[in-house]
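Taking it in order: structure first as structure tokens, then the write-up.
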Amino acid sequence: MTAQRIGTDAEAIAAAAALAAEFARGAQARDRNRHLPHAEVARMAKAGLWAVTVPRRFGGAGVSAGTLAEVIAILSAADGSIGQIPQNHFYILEALRLDGSEAQQRDWYGRVLEGARIGNALSEAGTRSHTDFKTTLLPDGDGSFRLHGRKFYCTGTLFADFIAAVAKDEAGRRVIALVPQDAPGVTLIDDWSGFGQRTTGSGTVVFDSVRVPAEAVVEHHRAFSRPTPMGPLAQIMHAAIDLGLGRAAIAAARKPTEDAALIQQAGELFIRLRAAEAMIARAALMVDAATREPKVESVAAASVAVAEAKVLTTELAISAGNAVFDFTGVQGTDDSLGLDRLWRDARTHTLHDPLRWKLHAIGNWTLNGVAPPRHGAI
């Protein structure tokens with residue numbers, strides 16, 4: 001695939017808006033029939049959207065965190081599943097920026113600029129915590145490695161050219177192995193059955209002695225052993241998904257009325273929306289500051305700011321999804337309208353990183369000066 005090159009933040013937002021208008025028209029049918037958006041994801045890659053965070057020195061646009069968040073919010077307002085799909089792809093591009101070698105960066109960024117897509121194999125079911133992994137990447141004796149494990153909630157893998165698997169190396173450290181989707185020993189299972197975000201392709205991936213060359217391994221543990229914007233950048237994208245879902249629900253509910261109670265409710269929703277947008281914009285500036293100067297204080301401040309924004313976007317997405325039915329009444333329950341999708345997508349996605357984690361981190365920083373832990377969920 002030969003992808004277009006996006007060169008500026010404004011071009012990235014314009015490209016997202018153009019595609020979102022198109023994607024929105026088929027969102028209801030895709031959700032109803034669980035028709036996976038292969039063509040839509042390919043269009044995004046061809047338009048250059050999957051490469052917007054590639055650093056400028058490698059030929060990308062190197063967009064700001066605020067622009068990345070707005071791109072994802074725009075896509076999520078059109079289709080909550082499509083907005084979710086590239087999130088982990090951008091996560092991997094940041095992992096490469098932080099800890100990939102010069103050769104790895106040049107190689108993988110070049111592939112992405114040409115339209116390559118990376119799906120994730122990060123999460124596992126049945127482990128003690130979200131940072132605990134059973135998947136292993138062990139030496140094979142010839143300078144390469146073998147990947148063994150089973151991953152759950154692998155968003156985007158069905159649409160991907162490559163899969164990024166998080167595993168433990170021989171020393172128990174966290175690494176990322178980048179493997180072709182069709183590599184021998186890779187099995188994709190389309191078993192995602194959530195009632196929301198139904199078309200993200202978030203099924204299971206099994207790795208059975210998959211060969212991984214040394215040049216396809218990134219020492220991801222280093223991203224959290226020192227202050228980096230890895231966590232807050234990952235989380236601002238999740239906040240942006242919820243912002244987009246909230247915008248979509250408010251747009252669906254926005255109809256003239258003389259009902260005083262509904263007018264008041266609309267006012268409250270608009271305040272929450274504007275507050276959430278402002279908090280994401282503020283958090284994005286702090287993520288950019290932590291990217292320029294990654295220090296303990298700047299990274300902690302960015303993590304807390306993103307957590308604050310995520311609290312607001314979570315509440316916005318759920319409350320707006322509920323409010324749609326207050327504004328539309330029984331007519332809104334007409335299945336042909338598909339308004340329930342907005343609530344289902346929001347309720348599903350807002351479970352991704354529980355709000356109580358965010359609130360605890362915010363409170364602990366504010367009251368005790370304790371920095372949030374360094375991982376991808378805060």
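If you go through the range 239-271 and keep only what is aliphatic (A, V, I, L, M), over 15 Å from Phe327 (Cα atoms) and either in the same structural domain as Gly196 (by TED's automatic domain parsing) or surrounded by 21 or more Cβ atoms within 10 Å (Cβ to Cβ) (or both), you end up with Ala239, Ala240, Ile241, Leu243, Leu245.
If you go through the range 201-226 and keep only what is crowded, with 20+ Cβ neighbours inside 10 Å and part of a loop (DSSP other than H, G, I, E, B), you end up with Gly201, Ser202, His220. The test for being outside the structural domain of Ala29 (by TED's automatic domain parsing), in a helix (DSSP H, G or I) and under 29 Å from Arg222 (Cβ atoms) holds for Ala301. Once the range 320-335 is narrowed to residues that are touching a residue at least 12 places away in the same chain (Cβ under 8 Å) and not β-branched (Val, Ile, Thr), the residue that is nearest to Lys255 (Cα to Cα) is Phe327.
Before we move on, is Glu102 under 26 Å from Glu293 (Cβ atoms), buried (at least 24 other Cβ atoms within 10 Å of the Cβ) and acidic (Asp, Glu)? Lay out the reasoning, then the answer.
Values: under 26 Å from Glu293 (Cβ atoms): yes; buried (at least 24 other Cβ atoms within 10 Å of the Cβ): no; acidic (Asp, Glu): yes.
The answer is no for Glu102.
His220 passes every criterion in (1) touching a residue at least 24 places away in the same chain (Cβ under 8 Å); (2) closer than 25 Å to Phe325 by Cβ apart from (2).
One residue stands out among those in the range 295-332 that are polar (S, T, N, Q) and modelled with pLDDT of 95 or more: the one that is nearest to Leu367 (Cα to Cα), which is Ser303.
Could you please let me know if Glu258 is under 20 Å from Thr67 (Cβ atoms), of a type outside the set (Phe, Trp, Tyr) and free of Cβ contacts under 8 Å to residues at least 12 places away in the same chain?
Working: under 20 Å from Thr67 (Cβ atoms): no; of a type outside the set (Phe, Trp, Tyr): yes; free of Cβ contacts under 8 Å to residues at least 12 places away in the same chain: yes.
Taking the combined requirement at face value, the residue does not satisfy it.
Gln87 meets each of the listed conditions (1) in contact with a His (Cβ under 8 Å, 6 or more places away or on another chain); (2) over 20 Å from Glu277 (Cα atoms) apart from (2).
The values are calculated or read from the model by the stated rules, or taken from the named source; none is laboratory data. From a predicted model like this one, the values you see are computed outputs, not experimental measurements. Positions of Cβ are backbone-derived with ideal geometry, glycine not excepted, and every protein chain shown enters the neighbour counts.
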